[in-house]
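*Asks:* Mind looking over this structure? Questions follow.
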Amino acid sequence: MTADLLREKYLRFFESKGHKIISGASLIPENDPTVLFTTAGMHPLVPYLLGEPHPAGRRLANVQKCVRTGDIEAVGDTSHLTFFEMLGNWSLGDYFKKEAITWSYEFLTSKEWLGFDPDLISVTVFEGEGDIPRDEESIAIWKSLGIPAERIYALPKEDNWWGPAGQTGPCGPDTEMFIDTLKPACSPACRPGCHCGKYIEIWNNVFMQYNKTADGHYEPLKQANVDTGMGVERTICMLQGVESVFETELFAPLMEKIAALATTPPADEEVMQRAQRIIADHLRTATFILGDPKGGVKPGNLGANYVLRRLIRRAVRYGKMLGIVESGFTRILSAIVIENYKRAYPELQEKSDLIFTELTAEEERFAKTLAAGQREFDKVTSALKQHGQSQLSGRTAFKLYDTYGFPLEMTIELAAEQGLAVDREGFEAAFKKHQELSKQGDKTFKGGLADASETTTRLHTATHLLHAALRQVLGDHVQQKGSNITPERLRFDFTHPEKMTPGQLAEVERIVNEQIDRNLPVTMETMTIEEARAGGAIALFSAKYGEQVKVYSAGDFSKEVCGGPHAKSTGELGHFRIRKEESSSAGVRRIRAVLEAKA
Ligand code: SER
């Protein structure tokens with residue numbers, strides 16, 4: 001079973017159950033300040049889970065690219081990844097637990113589909129908490145399908161609840177499916193959800209029936225939804241009977257090349273394997289982020305840009321640990337990722353130049369930082385030795401890690417060469433403290449568009465007006481290359497070969513404000529992507545042939561294929577002001593603009 005075949009089978013199976021296949025969304029969420037990346041298939045569907053009708057209907061299925069970096073430290077084991085593909089089927093107020101679980105079981109076990117041995121399947125369900133009872137219904141359904149009671153585990157919220165942690169938005173209990181690898185249990189308490197690697201979670205069915213309110217209550221949603229997510233990499237790993245996701249065809253050529261490039265692989269097999277896996281994972285993720293059709297994320301110091309920088313630098317660091325001396329090795333490995341995925345994700349090949357340029361530039365920038373780190377290391381260690389000390393403090397190890405990008409393993413090895421030990425515990429403590437601080441800033445899932453303030457909605461509508469105005473003033477070569485909205489401002493990247501003149505900027509501003517003054521109604525229609533294009537709508541992102549899409553129009557002025565949400569009329573926007581126009585990359589300009597109260 002290959003990934004290609006799994007995707008195809010999954011979609012065909014759910015099509016046979018009345019689902020419409022929809023495109024996966026971009027990895028880079030548009031107009032949603034609450035997340036840095038698309039972290040789950042449900043994310044782009046939040047408005048529909050909350051009750052807005054989806055143009056393709058109430059039963060949907062798709063393949064969604066996801067980036068999650070919350071578990072980045074776990075990467076290197078057999079199954080954790082920062083990028084993965086999620087297969088999802090969705091009921092938007094249509095079917096519920098019985099159908100969802102029965103179909104999952106059929107797809108997993110039927111010989112016609114995946115043909116997993118039912119005896120290897122364990123499941124977990126929600127054990128209940130407060131007003132929300134134990135999920136007896138799911139337990140009964142699993143039993144009716146033949147899963148014996150001892151392989152059905154009722155677990156707390158931590159394990160079997162999906163939704164916004166501490167935030168508002170759609171959520172609910174879930175039931176998760178695990179494959180037993182038949183490895184020995186790590187302890188008598190070992191069970192699905194244990195991280196030892198005996199049980200691999202491959203699928204999650206979430207029963208989204210609540211909305212968590214700002215005061216922490218769970219109120220029933222207008223409609224009870226199903227949101228399922230099956231991990232492609234893990235599922236094929238289990239079907240192929242290989243030890244880790246890195247041995248599947250999605251990684252194998254990459255792993256081979258990494259091994260071939262390594263000139264001084266560490267003697268400790270585990271340390272070496274972990275480094276290889278981290279390099280493979282991180283460069284695959286970086287390739288997908290840089291190659292995303294929506295674009296706009298480059299290595300940098302903030303938000304999504306920082307995540308990308310961290311992934312590339314971490315890969316380079318581990319490359320150094322393996323003795324990869326080839327400069328530009330990130331590009332060599334990225335080319336393998338692209339080759340491997342170009343059929344399923346043609347955008348990677350289309351963007352390969354940009355991907356290679358950015359990777360190489362970041363690798364070079366980082367080489368300079370690392371050299372500075374080596375100098376710092378030499379300084380600290382010679383001072384220690386002069387004072388007759390034999391241990392490098394945890395704080396220093398952490399500084400080397402955090403400021404200069406030295407992985408702990410690398411510091412330990414370098415220190416050992418100098419006859420010094422490293423205070424691991426001190427490092428862990430400093431690391432934990434840092435992680436807690438950055439967790440507060442790491443926005444993973446926070447309820448998506450459910451939280452989108454009115455301000456971001458208005459900025460989103462302003463973005464459409466800006467786009468149309470730019471085309472009027474500069475010409476039809478203007479194409480959106482990226483869009484990002486925070487509650488404070490909009491940012492819009494577009495193709496244009498040169499700096500805009502002050503006159504052009506003033507004209508664009510004037511046109512947008514004129515459309516605001518006209519108080520144009522913002523309306524939405526659904527139609528096929530072909531109809532949308534034929535009707536003159538700007539359609540930026542690929543949709544499948546015949547796919548139903550939403551088209552938002554601001555009066556007669558702008559028309560774009562878009563997921564919404566938008567202001568009801570342009571009069572709501574206030575006064576539009578461009579704050580800055582600058583270069584974003586070769587041939588791409590960037591505008592930052594705000595909406596102000598009308599004078
Ligand atoms: N949202 C759930 C998950 O990401 C199911 O798709 O696991």
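*Asks:* Which percent of the accessible heavy-atom area of the chain goes to carbon and sulfur, probe 1.4 angstrom?
*Replies:* Working: 12600 of 25410 Å².
Summing carbon and sulfur atoms, their accessible area is 50 percent of the total for the chain.
*Asks:* Find the Cα radius of gyration of the range 338-440, compare it with 2.2 N^0.38 Å by division, and give the number to two decimals. Numbers along the way, then the final one.
*Replies:* Numbers: Rg = 18.7 Å, N = 103, 2.2 N^0.38 = 12.8 Å.
Dividing the Cα radius of gyration by 2.2 N^0.38 Å gives 1.46.
*Asks:* How large is ³J(HN,Hα), in whole Hz, for each residue of the range 14-29 in order, when computed from phi with the Karplus curve 6.51 cos²θ - 1.76 cosθ + 1.60 and θ = phi - 60°, using x for Gly and Pro?
*Replies:* 6, 4, 5, 9, x, 8, 8, 8, 10, 6, x, 8, 5, 6, 9, x
*Asks:* Can you give me the long-range amide H partners of GLN391? Hydrogens built in the peptide plane at 1.01 Å from N, cutoff under 5 Å, separation of 5 or more residues or another chain.
*Replies:* Correct list: ALA421.
*Asks:* To check you understand DSSP bridge types, tell me what percent of the beta bridges within the chain (both residues inside) are antiparallel, rounded to 5. Let's see the in-between values first.
*Replies:* On the way: 72 of 81 bridges.
Of all bridge pairs located within the chain, approximately 90 percent are antiparallel.
*Asks:* Hull surface divided by four, with the convex hull built on the Cα atoms of the range 126-171: how many nm²?
*Replies:* Working: hull surface 14.7 nm².
The number I arrive at for the range 126-171 is 3.7 nm².
*Asks:* May I pose another question? Largest first, how would MET1, MET527 line up by accessible area (1.4 Å probe)? Present the calculation step by step, with values, prior to reporting the outcome.
*Replies:* On the way: MET1 60, MET527 25 Å².
In descending accessible area the options line up as MET1, MET527.
*Asks:* Let me ask you something else. For the chain, what is the accessible area per residue in Å², given a 1.4 Å probe and the full set of protein chains?
*Replies:* On the way: 25410 Å² over 599 residues.
Ligands and nucleic acids excluded, the result is 42 Å² per residue.
*Asks:* For HIS387 and THR528, FRET efficiency with R0 = 56 Å and r from the beta-carbon atoms, rounded to 0.05?
*Replies:* Details: r = 74 Å, r/R0 = 1.32.
Plugging the Cβ-Cβ distance into 1/(1 + (r/R0)^6) gives 0.15.
*Asks:* Which part of the range 1-22 falls in the paramagnetic zone of ALA344, meaning amide N under 14 Å from the point 7 Å along Cα-to-beta-carbon?
*Replies:* From the range 1-22, the list is 1-11.
*Asks:* Same structure again: From the phi angles alone, apply the Karplus equation (6.51, -1.76, 1.60; θ = phi - 60°) to the range 113-127 and give each ³J(HN,Hα) in whole Hz, x where the residue is Gly or Pro.
*Replies:* 10, 8, x, 5, 5, x, 5, 8, 8, 10, 10, 10, 9, 7, 7
*Asks:* Also: Before rounding to the nearest 500, sum -39500 (n - 2.57) across all DSSP H runs of length at least 4 in the chain and divide by the residue total; then give [θ] at 222 nm in deg cm²/dmol. Intermediate results must be reported in sequence, preceding the final value.
*Replies:* Numbers: 18 runs with 237 residues, N = 599.
Computed ellipticity for the chain at 222 nm equals -12500 deg cm²/dmol.
*Asks:* Sticking with this one: Measuring from the lowest to the highest alpha carbon on each principal axis, how far does the range 37-181 reach, largest first, in angstroms?
*Replies:* 39, 39, 37
*Asks:* For the range 84-100 and the range 13-75, compute the distance between their C-alpha centroids and round to whole Å.
*Replies:* 11 Å
*Asks:* Something else now. With unit charges on the beta carbon (Lys/Arg positive, Asp/Glu negative), name the residue among SER122, GLN504, SER104 whose Cα is farthest towards the positive pole of the charge dipole of the chain.
*Replies:* So the residue we want is GLN504.
*Asks:* Further question on the same structure: Would you pull out the residues with amide H under 5 Å of GLY295's amide H, same chain only if 5 or more places away, H placed 1.01 Å from N?
*Replies:* none
*Asks:* Pairs of lysine in the range 208-329 with Cα under 30 Å and at least 8 positions apart or on different chains: total?
*Replies:* Numbers: LYS212/LYS222; LYS257/LYS294; LYS257/LYS298; LYS257/LYS320; LYS298/LYS320.
Total qualifying Lys-Lys pairs in the range 208-329 comes to 5.
*Asks:* Short version: ³J(HN,Hα) in whole Hz for each residue of the range 250-262, in order, from phi by Karplus 6.51 cos²θ - 1.76 cosθ + 1.60 (θ = phi - 60°), x for Gly and Pro, what are they?
*Replies:* Per residue, the Karplus-derived 3J(HN,Hα) values read 5, 10, 3, x, 5, 5, 4, 5, 4, 4, 5, 7, 6 Hz.
*Asks:* Can you give the log10 of the normalised intensity I(q)/I(0) at q = 0.07, 0.10, 0.11, 0.12 Å⁻¹, computed with Debye over equal Cα scatterers of the chain?
*Replies:* Taken in order of the listed q values, log10 I(q)/I(0) reads -0.47, -0.96, -1.14, -1.31.
*Asks:* Still on this structure, I have one more. Looking at the range 33-154, send over the antiparallel percent of its DSSP beta bridges, to the nearest 5.
*Replies:* So the antiparallel bridges amount to about 75 percent of the total.
*Asks:* Starting with the highest mean, order 284-295, 585-596, 351-362, 127-138 by the number of other Cβ atoms within 10 Å, averaged over the residues of each peptide. Before the final figure, lay out each step's value.
*Replies:* Values: 284-295: 25.2, 585-596: 16.9, 351-362: 18.7, 127-138: 14.9.
Peptide ranking by packing, descending: 284-295, 351-362, 585-596, 127-138.
*Asks:* Once each part is reduced to its C-alpha centroid, what is the distance from the range 254-269 to the range 124-196 in angstrom?
*Replies:* 38 Å
*Asks:* Further question on the same structure: List the relative contact order of the chain as a percent without decimals, with contacts defined as Cα pairs under 8 Å and 6+ residues apart. Don't skip to the answer; put the middle values down first.
*Replies:* Working: 1134 pairs, mean separation 79.9, N = 599.
Relative contact order comes out at 13 percent.
*Asks:* Would you please give the FRET efficiency between LEU120 and LYS544, computed as 1/(1 + (r/R0)^6) with r the Cβ-Cβ distance and R0 = 30 Å, to the nearest 0.05?
*Replies:* Values: r = 34 Å, r/R0 = 1.14.
Step by step, r from the Cβ atoms, then E = 0.30.
*Asks:* How large is the charge dipole for the chain, taken about the Cα centre, if only the Cβ atoms of Lys, Arg (+1) and Asp, Glu (-1) carry charge, to the nearest 20 debye?
*Replies:* Values: 71 positive and 82 negative charges, 283 e Å.
Magnitude of the dipole: close to 1360 debye.
*Asks:* What residues qualify as long-range amide H neighbours of TRP162, i.e. H under 5 Å apart, gap of 5 or more or another chain, H built at 1.01 Å from N?
*Replies:* Residues meeting the criterion, in which the H sits 1.01 Å from N, are GLY172, ASP174.
*Asks:* Over the range 121-251, what is the relative contact order in percent, taking alpha-carbon pairs closer than 8 angstrom and at least six residues apart? Don't skip to the end; give the middle numbers.
*Replies:* On the way: 243 pairs, mean separation 26.5, N = 131.
With pairs under 8 Å counted, the relative contact order is 20 percent.
*Asks:* I need the Debye-formula profile for the range 446-583: one equal scatterer per C-alpha, no solvent, reported as log10 I(q)/I(0) at q = 0.19 1/Å, two decimals.
*Replies:* Per q value, in the given order, log10 I(q)/I(0) is -1.19.
*Asks:* Could you calculate the FRET efficiency of THR213 with ALA367 from 1/(1 + (r/R0)^6), where r is the beta carbon distance between them and R0 is 35 Å, rounded to 0.05?
*Replies:* Details: r = 50 Å, r/R0 = 1.43.
After rounding, the FRET efficiency stands at 0.10.
*Asks:* Related question: So how do ILE279, ILE21 rank on accessible area, 1.4 Å probe, biggest first, that is with the largest at the start?
*Replies:* Values: ILE279 0, ILE21 35 Å².
So the residues, ranked largest to smallest area, are ILE21, ILE279.
The values are calculated or read from the model by the stated rules, or taken from the named source; none is laboratory data. Computed from a predicted structure; not experimentally measured. Cβ atoms come from the backbone with ideal geometry, glycine included; neighbour counts cover every protein chain shown. The area values use the complete protein model at the heavy-atom level, side chains included, leaving out ligands, DNA and RNA. Shrake-Rupley method; radii C 1.70, N 1.55, O 1.52, S 1.80 Å.
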